[in-house]
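The values are calculated or read from the model by the stated rules, or taken from the named source; none is laboratory data. Predicted, not measured: the structure shown is a model, and the values here were computed from it. Every residue, glycine as well, gets a Cβ built from its backbone with ideal geometry; the counts of neighbours run over all protein chains shown. Quick note on the areas: whole protein, heavy atoms, side chains included, nothing else; ligands and nucleic acids left out. Shrake-Rupley method; radii C 1.70, N 1.55, O 1.52, S 1.80 Å.
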Amino acid sequence: MSKTVLFYDESFPYEGQRPGESQLARLKEVFAVADAGQLAEALADADAFVHIHGAYFPKDAWKAIFSHASQGKGLLHAGGAPFKIPVYRENGEWVQEPAQTAYHQQLHINEVLSVSVDGIEKLAHNADVPLFADNVKLFTLEPTFGLVLHVTRSDDHPAEGGTAGPMDAHIY
């Protein structure tokens with residue numbers, strides 16, 4: 001049976017509006033909910049990981065998060081630039097490190113760019129991947145982020161700047 005771990009910790013930094021009690025109860029029915037102290041262990045046998053704390057993540061769990069993603073297991077990130085602000089415990093308090101790119105770059109996310117809704121009139125599903133074809137109405141136009149992926153590490157022209165080797169990923 002597949003296991004999906006959702007990271008939620010009521011004491012941990014969070015972007016946006018936190019889930020209410022009834023929403024959290026529903027999440028616990030659907031997912032294995034892990035707090036910051038439980039996350040690394042919970043990811044050891046997880047098939048998918050749902051991260052709803054936006055840019056904030058527990059620094060102590062980074063090796064487990066990276067290992068999970070590196071194995072090609074499921075990852076759904078919601079709420080801001082992924083894995084940008086490591087957070088650790090000091091004297092019983094959560095301490096946020098400055099925003100940084102080192103962590104998400106390990107996942108081949110080179111940059112995270114803000115995307116405005118200016119000029120967008122409507123949402124439509126992708127005909128090639130009709131997963132949300134019947135559910136477009138559930139979504140609203142909201143500012144988001146675009147991920148600039150770095151999907152090749154091979155350099156077929158070492159004397160020149162940049163990389164132009166084979167693609168090391170499939171992008172949908």
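Of the solvent-accessible surface of region 1-107, computed with a 1.4 Å probe over protein heavy atoms with every protein chain present, carbon and sulfur atoms account for 47 percent. Ignoring lysines fewer than eight residues from K84 along the same chain, the ones with Cα atoms less than 19 angstrom from its Cα are K59, K63.
Projected onto their three principal axes, the Cα atoms of the chain cover extents of 53, 42, 37 Å, largest first. Probing with 1.4 Å while keeping every protein chain in the model, the per residue accessible area of the chain equals 66 Å².
With contributions of -39500 (n - 2.57) from each DSSP H run of at least four residues, the per-residue ellipticity at 222 nm computed over the chain stands at -4500 deg cm²/dmol. For region 136-153 versus region 1-71, the inter-centroid distance based on Cα atoms is 20 Å.
Return, ordered by residue number, the residues of region 3-20 whose backbone nitrogen is under 13 Å from a label point located 7 Å along Cα→Cβ of K28. Counting backbone N atoms under 13 Å from the label point, the list is 8-10, 20.
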